[in-house]
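Inspection log for the structure reproduced underneath, given as structure tokens.
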Amino acid sequence: MNTSTDEIRSAVEIFSIKYKLTKRETEILNQLVLKNVTAEGIANTLSISKNTVRIHFQNIFSKMGLTSKSELLGIFIDFLMHGEEIKNNSSLNQIFKIMIAEDDEEFKKLTVKALNKLRGNSIEVTGTADGMDMIRMLEEAEELPDLILLSTKLPVLDGFSVLKCIKNRKNFEHIPVIMFSSTNNQDDIKKAYSLGGNSYLMKPSGFKSLVKVLDIVVNYWEHTSSPVSS
């Protein structure tokens, strides 16, 4: 099998998306398949410690149910040999675009960090802290987001007003909107769903919980077709 370096890198990206590897895990896998097989060699190339490389390999093994680098290489080579499957599975190579409206800067940073941990460079995140600015971003976007994460409380234009605007616009109504709130007020929940919100979620209290919630959210909407506008 005669495969160029660029083709191998492309296959690594698709393989990493399939197995939900992080950006750093993808970098380490790329080094491995390009025959930089020792932890020391990979560490020197990526300017990280050998222990960090070993930890990332253990994370990869855990995700894939493996125990060794040789098993990992075997699965990747088998994946690489199915060239037509890789070429035809274009959905794996698409960037999933998420737009966030959140005025809590710390929570927004944690959300972006969690999304990058889950999907690495296969996800594109844009954000704002202002409801009116989100509408402007949607109106000016060359490509609309695949998913919107929307806080209920925003300055200028609150989350419910933004949601109503999105769901009342033909251009935007198909975009799934996940409402995030720091409370579980029943009136707010009813209001969110009555305005067309797709989910209403409490903001998780810790980073690990946030990662779990976003993993479920992104996995679901990444593989769910948007409704066709009438």
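A short reminder: the numbers here are calculations on the coordinates, not readings from a lab. These numbers come from a predicted model, not from an experiment. Backbone-built Cβ (ideal geometry, glycine too); neighbour counts: all protein chains shown.
Between I75 and K113, the FRET efficiency from the beta-carbon distance, with R0 = 25 Å, is close to 0.30.
Bridging of K113 to lysines at a Cα separation below 24 Å is possible for K18, K20, K23, K50, K63, K97, K153, K203, K208, K212, once same-chain residues fewer than 8 apart are set aside.
Entry note, the chain: the mean residue ellipticity at 222 nm calculated from DSSP H runs of n ≥ 4, each adding -39500 (n - 2.57), is -17000 deg cm²/dmol after division by the residues and rounding to the nearest 500. The charge dipole of the range 95-222, taken about its Cα centre with unit charges on the Cβ of Lys, Arg, Asp and Glu (plus for the first two, minus for the last two), comes to roughly 420 debye. Panel order for K69, K18, by other beta carbons found within 10 Å of each beta carbon, from fewest to most: K18, K69. Among M132, M179, the order by Cβ neighbours within 10 angstrom, fewest to most, reads M132, M179. Helix 50-64 and the longest principal axis of the C-alpha atoms of the chain enclose an angle of approximately 70°.
Straight-line cross-link partners of K69 among the aspartates and glutamates, defined as a Cα under 19 Å from its Cα and at least 8 positions apart when in the same chain: E13, E25, E27, E40, D78. Length gained on full extension, S209 to M132: 24.8 nm, using 0.36 nm per residue less the C-alpha separation. Projecting the Cα atoms of L210, S62, V37 onto the dipole axis of the chain, where Lys and Arg carry +1 and Asp and Glu carry -1 at the beta carbon, places S62 farthest toward the positive end. Per-residue Cβ neighbour counts within 10 Å put I48, I95 in the sequence I95, I48, beginning with the fewest. Relative contact order for the chain: 16 percent, from Cα pairs under 8 Å spaced at least 6 residues apart, divided by residue count.
Taking 15 Å as the straight-line reach from the Cα of K167, the aspartates and glutamates in range (excluding those fewer than 8 positions away in the same chain) are E139, D146, D158.
In this structure, the amide hydrogen of I100, modeled 1.01 Å from its nitrogen in the peptide plane, lies closer than 5 angstrom to those of T126, G127, T128, L149, counting only residues at least 5 positions away or on a different chain.
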